[in-house]
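All remarks here apply to the structure that follows.
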Amino acid sequence: GGDKPLTIQGAALLRQLVLGNQVLLGSVNAARGHFQMAVDDLARARRLWGAHAEKLITHRRTPEELIAAAGQRPQGVIKAVVEWS
């Protein structure tokens, strides 16, 4: 936290993530305006490219399905998402 600069050796970090089969997970708390900007950007992308961007999401899972499938990766996965109720 804070406003101090942080220097990271990017290549070493990526190598560690890939070779160690690790994942980097984060969460960002954003204001309502930021979510609105994201919605606006997605709407613009849809106007420009139709449903092409949506085709990048190849698999949708419930949290329960995600837990059951942990460690498995079906063929043809481009982007998988968790759908929360």
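The values are calculated or read from the model by the stated rules, or taken from the named source; none is laboratory data. As the structure is a computational prediction, the values presented were derived from the model and not from experiment. In this analysis, Cβ positions are derived from the backbone assuming ideal geometry, glycine residues included, and neighbour counts consider all displayed protein chains. Heavy atoms of the whole protein, side chains included, go into the accessibility calculation; ligands, DNA and RNA do not. Shrake-Rupley method; radii C 1.70, N 1.55, O 1.52, S 1.80 Å.
Key figures for this structure:
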quantity	calculated
Answer residue from segment 53-79, given it is free of Cβ contacts under 8 Å to residues at least 12 places away in the same chain and part of a loop (DSSP other than H, G, I, E, B) and is surrounded by the most Cβ atoms within 10 Å (Cβ to Cβ) among those	69
Scan of segment 1-17 for residues that are open to solvent by less than 100 Å² (accessible area, probe 1.4 Å) and within 30 Å of residue 70 (Cβ to Cβ), ordered by number	10, 11, 12, 13, 17
Unmet requirement for residue 15, which otherwise passes all of (1) outside any loop (DSSP other than H, G, I, E, B); (2) modelled with pLDDT under 85; (3) basic (Lys, Arg)	(2)
Subset of segment 18-44 (residues that are closer than 30 Å to residue 71 by Cα, open to solvent by less than 100 Å² (accessible area, probe 1.4 Å) and at pLDDT below 85)	26
From the options 67, 57, 8, residue that is in contact with a Lys or Arg (Cβ under 6 Å, 6 or more places away or on another chain) and of a type in the set (A, V, I, L, M)	57
Check on residue 41, assigned to a loop (DSSP other than H, G, I, E, B), free of Cβ contacts under 8 Å to residues at least 24 places away in the same chain and among the charged types (D, E, K, R)	no
